[in-house]
Amino acid sequence: MPTSKKMLAKARDIEKKLAALDGPEWASDSSDDEAAAPVIKAAPQQPKATRKQQKPKTEESRTIYLGHVPHGFYEKEMEGFFSQFGVVTNLRLSRSKRTGASKGYAFIEFGDAETASIAAK
């Protein structure tokens, strides 16, 4: 049973270290320490607003999501096609970091929300 002796020795070691920590600076029973220490009260926390509680958007989005983009229909082709609806301010085609190939979806931002809604239909 050498393992139990090792465990007992380790337990005694831990008890000695714990007894050394049980000094006046660590004791919390005395009222002198509590009176000298400043009392810090936490401010009451406000519940975080969820998406449903946030203010609804008053303006429509100018960005549309385009999924299932075929290979070969890249940034230049998309900008050429969607510019017939209005001014395309930003176009982000998602690409693989490793290969650089298209992932098959894009985000297209138009000059105004009305143009985006027309292009989405």
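The values are calculated or read from the model by the stated rules, or taken from the named source; none is laboratory data. Small disclaimer: the values here were computed from a predicted structure and weren't measured. Quick reminder, even Gly has a Cβ in these numbers, built from the backbone with ideal geometry, and neighbours come from all protein chains shown. Accessible surface is based on the protein model in full, side chains and every heavy atom, while ligands, DNA and RNA are left aside. Shrake-Rupley method; radii C 1.70, N 1.55, O 1.52, S 1.80 Å.
General remarks:
- If you go through the stretch 73-86 and keep only what is among the hydroxyl-bearing types (Ser, Thr, Tyr) and either assigned to a helix (DSSP H, G or I) or open to solvent by 70 Å² or more (accessible area, probe 1.4 Å) (or both), you end up with just 74.
- Taken together, the residues in the stretch 87-121 that are closer than 14 Å to residue 67 by Cα, open to solvent by 40 Å² or more (accessible area, probe 1.4 Å) and touching a residue at least 12 places away in the same chain (Cβ under 8 Å) amount to 4.
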